[in-house]
Amino acid sequence: MKEIMKKIGMFFLRLLGGIGSFFKKLWKHRQGRVGLIIAGILIVCAVFAPIIAPYDPYDVTQRAEKGLSPSWEHLLGTSITTGQDIFSMLIYGARSSLSIGVITGITIAVLGSILGIAAGYIGGWVDTVIMRVVDVLLVIPTLPLVIVMTNVLGTSYAVIVLVFAAFGWTGLARVIRAQVMLLKNANYVKAAELMGASKWYIMWRHILPAVSNLLIMSTALTSAGIMVAEAGLSFLGLGNPEAVSWGKMLADAQSSGAMLFGHWWSILAPGVGIFLAVFSFMRIGLAMEEILNPRMRKGSSMVKVFKHLNNTYLQEVFDSMDDGSKLKGEYATCQINESPAGREMLGCGEYMLESALAEGKAEEPVTEKGGNDESAGS
Amino acid sequence: MQENENPLLKLEHICVTFPVKRDYPFQKKRFVHAVTDVSFEIGAGETFGLVGESGCGKSTLANTTLGIQKVDSGKIFFEGKELTAMDKKQLKEARRSMQMIFQDPFSSLNPRFSVFDIVSEPLRIMGGYTREEMREKVGQMLHEVGLSAGDMDRFPSDFSGGQKQRIGIARALILKPKYLVCDEPVSALDVSVHAQILNLLLDLQEKYHITYLFISHNLAVVKRICNRILVMYFGKTMEYGDVDKIFANPMHPYTRALMSAIFDTDIDTKHERIRLKGEVPSPINVPKGCRFCGRCPEEDEACRMGEPPLVEVEEDHYVACFHCGKKADADG
């Protein structure tokens with residue numbers, strides 16, 4: 001029993017470590033940081049809504065006069081139809097929007113990864129069955145289907161989550177399947193198979209970690225999409241009628257003629273809410289995509305690579321060179337050749353030399369660089 | 001064939017084919033003939049070389065000996081037990097004493113794993129070791145392959161190609177296998193580290209009495225470390241036997257062509273380079289007759305009619321060629 005508890009504990013520690021390192025990477029990325037900050041604020045709002053919001057929009061006794069303009073008492077006024085405090089609704093609205101987005105996103109990630117990995121790794125008839133199901137589901141438009149389903153099953157968030165999850169995993173499963181098929185042929189997977197590792201072991205230890213970043217990225221992006229869809233459904237009156245959500249606030253403002261009365265704040269507030277939520281999740285997702293795929297990095301040059309590596313060792317080597325060596329670039333290359341991560345550093349070394357040349361600090365090296373290239377990395 | 005007292009590994013008439021996708025429905029099923037009727041034995045403690053050009057079935061043949069490639073026909077015996085008839089559980093138990101070193105050290109190590117994770121993976125899969133035991137074993141193993149125990153918590157990207165290959169060797173040897181497949185273990189490395197890795201393999205063989213199946217297309221390497229070799233061409237055995245005898249007296253025209261391609265440091269003596277004409281034919285439509293037809297400098301009508309049998313030309317030296325038999329007769 002203790003053993004099992006220890007194992008579970010270790011697993012969660014690892015998971016936390018993985019998530020931590022992921023956030024660290026994201027924090028370093030400028031756009032990712034913007035997304036993280038906004039998403040963080042929204043999540044705090046959602047979790048601590050009863051503390052932050054001055055009124056409880058669900059409490060009928062806390063309703064004020066209908067259609068009040070913004071004042072210190074009601075920061076964004078009150079709604080025209082019910083007299084609820086709009087600022088409080090805005091904060092409570094983060095709850096439904098974010099929870100639907102994130103819950104659906106995570107469900108899709110779980111479904112998509114399980115089915116994608118199964119299809120890609122096991123192959124054979126499992127692959128055929130899953131991919132045919134994907135083909136069928138892909139051609140069904142989700143939003144009209146949700147509208148139909150809410151008519152049949154009633155308007156509740158559970159239905160929205162279920163339908164979006166049931167139809168949203170297909171794209172992710174395809175991407176993951178392709179990735180897994182690449183990984184499957186890696187020699188380290190073959191080596192593990194040779195050692196007698198079970199399929200579960202390989203999927204769990206080798207394949208899942210390799211696609212985990214992809215999963216996080218897609219969760220962020222699909223969550224953003226689902227949030228927009230949820231707002232749209234609520235706007236059409238197909239969301240949960242009892243919940244406070246941004247889409248429903250928009251719908252109420254629209255139907256009560258807020259624009260007619262000049263109550264722009266009651267439309268702007270939920271709009272900004274939706275925008276910020278989607279924007280932040282998209283930022284996180286896109287930043288993740290850029291981190292994962294270096295080729296997408298804009299203007300990636302040696303300068304950036306060098307900054308990225310932030311290698312103090314190289315700088316030391318460069319600083320310790322006397323001017324004569326700097327002129328020839330010999331010292332740098334030979335030092336680099338000896339170092340363990342040879343080639344990468346050699347690239348940077350050449351960059352430094354080039355930059356020195358460009359700044360007129362050094363002359364063209366007399367020795368042939370080709371000879372040095374070949375001996376690198378040994 | 002030479003009767004070995006108790007060969008570690010014995011292959012009898014192994015055939016492996018892969019089905020080819022049909023171009024159109026109801027097309028006759030076609031197969032790639034990867035390995036056709038290959039038999040050999042590897043004695044315990046020896047180094048057996050498998051030589052041939054790319055795509056001739058070397059790796060497929062090696063995979064069959066590890067039980068990861070199913071054979072279409074033929075039998076494989078490992079330590080006297082029939083590998084081809086084992087169920088999954090028995091196979092897992094048998095694999096405990098077989099391991100493999102891969103050609104490309106860069107893709108054979110999971111970049112997300114630390115060296116400790118990589119080298120301890122066989123222990124983890126076999127089960128029954130505590131973390132402390134694993135750390136101790138991994139430390140010892142790393143020391144044996146010329147790395148230090150302090151490298152345990154670093155990642156593969158911190159190491160050079162040769163060092164990565166050492167990590168791969170440590171992983172393969174941690175369960176103390178009896179049989180190790182080396183699939184071109186040095187061909188992806190810089191020339192300067194070839195000798196280091198080969199010497200390491202030889203030292204470890206001496207220490208642990210491991211049997212090697214050494215796949216290579218570099219005959220110089222094969223000559224240096226193998227006891228016996230099998231020259232394959234297009235899925236079939238061309239020449240097979242003791243390495244010294246084959247190198248002293250290569251009988252098959254293909255072997256001779258391979259040997260003439262060895263890169264020699266001796267630049268003063270000019271040796272003639274045999275250049276083969278043509279290409280390897282399609283393995284789907286195997287031509288009748290000798291497999292080497294069309295490229296062989298010595299082919300005649302008989303070669304095109306039937307496949308030459310593997311004949312023993314001298315003790316522990318077998319050749320599959322119509323001409324060398326005659327030649328041996330003429331010489332003898």
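The values are calculated or read from the model by the stated rules, or taken from the named source; none is laboratory data. As the structure is a prediction and not an experimental result, all values here were calculated from the model. Note that we place each Cβ from the backbone using ideal geometry, even for glycine, and neighbour counts take in every protein chain shown.
What the table shows:
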{"item": "Filtered residue count, the stretch B:23-51, keeping only those that are on the phi < 0 side of the Ramachandran plot and in contact (Cβ under 8 Å) with a residue 24 or more places away in the chain", "result": "20"}
{"item": "Test: residue in the stretch B:189-203 that is at pLDDT below 90, within 27 Å of residue A:210 (Cβ to Cβ) and not aromatic (Phe, Trp, Tyr)", "result": "yes"}
{"item": "Members of the stretch B:80-108 found to be in contact with a Gly (Cβ under 9 Å, 6 or more places away or on another chain) and polar (S, T, N, Q), listed by number", "result": "B:84, B:108"}
{"item": "Residue selected from the stretch B:282-306 under the condition surrounded by fewer than 17 Cβ atoms within 10 Å (Cβ to Cβ) and among the charged types (D, E, K, R), by the criterion nearest to residue B:37 (Cα to Cα)", "result": "B:288"}
{"item": "Members of the stretch B:16-54 that are exposed (fewer than 14 other Cβ atoms within 10 Å of the Cβ) and under 16 Å from residue B:231 (Cβ atoms)", "result": "B:54"}
{"item": "Residue satisfying all of: in the stretch B:20-41; under 14 Å from residue B:286 (Cα atoms) and not hydrophobic (A, V, I, L, M, F, W, C); modelled with the lowest pLDDT among these", "result": "B:30"}
{"item": "Those residues of the stretch B:100-114 which are over 21 Å from residue A:208 (Cβ atoms), within 7 Å of another protein chain (Cβ to nearest Cβ) and not acidic (Asp, Glu), in sequence order", "result": "B:100, B:102"}
{"item": "The listed residue being among the charged types (D, E, K, R) and more than 12 Å from chain A (Cβ to nearest Cβ), out of B:154, B:166", "result": "B:166"}
{"item": "Counted residues, the stretch B:135-151 - those being within 14 Å of chain A (Cβ to nearest Cβ) and more than 29 Å from the chain's Cα centre (by Cα)", "result": "3"}
{"item": "Hey, residue B:161 surrounded by fewer than 23 Cβ atoms within 10 Å (Cβ to Cβ) and under 25 Å from the mean Cα position of the chain (by Cα) or not", "result": "yes"}
{"item": "Breaking point among (1) under 25 Å from residue A:200 (Cβ atoms); (2) surrounded by fewer than 23 Cβ atoms within 10 Å (Cβ to Cβ); (3) out of contact with any Ser or Thr (no Cβ under 8 Å at 6 or more places or on another chain); (4) aliphatic (A, V, I, L, M), for residue B:115", "result": "(2)"}
{"item": "Helices (runs of 4 or more DSSP H) lying entirely in the stretch A:1-119 (those with 2 or more residues that are touching a residue at least 40 places away in the same chain (Cβ under 8 Å))", "result": "A:2-28, A:30-47, A:86-117"}
{"item": "Of the criteria (1) away from every other protein chain (no Cβ under 14 Å); (2) in a helix (DSSP H, G or I); (3) crowded, with 20+ Cβ neighbours inside 10 Å, which one residue A:244 fails", "result": "(2)"}
{"item": "Criterion violated by residue B:117 - all others in (1) within 7 Å of chain A (Cβ to nearest Cβ); (2) out of contact with any helix residue (DSSP H, G or I) (no Cβ under 7 Å at 6 or more places or on another chain) satisfied", "result": "(1)"}
{"item": "The listed residue being under 22 Å from the mean Cα position of the chain (by Cα), not acidic (Asp, Glu) and not assigned by TED's automatic domain parsing to the domain that holds residue A:277, out of A:12, A:22", "result": "A:12"}
{"item": "Qualifying residues in the stretch B:65-97 (those that are of a type in the set (Lys, Arg) and surrounded by fewer than 18 Cβ atoms within 10 Å (Cβ to Cβ)) - the one farthest from the other protein chains (Cβ to nearest Cβ)", "result": "B:75"}
{"item": "Qualifying residue in the stretch B:65-84 (condition: part of a loop (DSSP other than H, G, I, E, B) and over 21 Å from residue B:9 (Cβ atoms))", "result": "no"}
{"item": "Checklist (1) of a type in the set (Val, Ile, Thr); (2) crowded, with 20+ Cβ neighbours inside 10 Å; (3) touching a Phe, Trp or Tyr at 6+ places or on another chain (Cβ under 9 Å) applied to residue A:110, failing item", "result": "(2)"}
{"item": "Only one of A:112, A:124 that is farther than 25 Å from residue B:122 by Cα and within 14 Å of chain B (Cβ to nearest Cβ)", "result": "A:124"}
{"item": "Hey, residue A:143 of a type in the set (A, V, I, L, M, F, W, C) and more than 14 Å from chain B (Cβ to nearest Cβ) or not", "result": "yes"}
{"item": "Restricting the stretch A:185-214 to residues that are in contact (Cβ under 8 Å) with a residue 40 or more places away in the chain and surrounded by fewer than 18 Cβ atoms within 10 Å (Cβ to Cβ), the residue that is nearest to the other protein chains (Cβ to nearest Cβ)", "result": "A:209"}
{"item": "Residue check, residue A:147 more than 27 Å from the chain's Cα centre (by Cα) and either surrounded by fewer than 20 Cβ atoms within 10 Å (Cβ to Cβ) or in the same structural domain as residue A:247 (by TED's automatic domain parsing) (or both)", "result": "yes"}
{"item": "Residue check, residue A:180 buried (at least 21 other Cβ atoms within 10 Å of the Cβ) and more than 11 Å from chain B (Cβ to nearest Cβ)", "result": "yes"}
{"item": "Looking only at the stretch B:171-211, and only at residues there that are over 11 Å from residue B:221 (Cβ atoms) and among the polar types (S, T, N, Q), the one that is farthest from the other protein chains (Cβ to nearest Cβ)", "result": "B:205"}
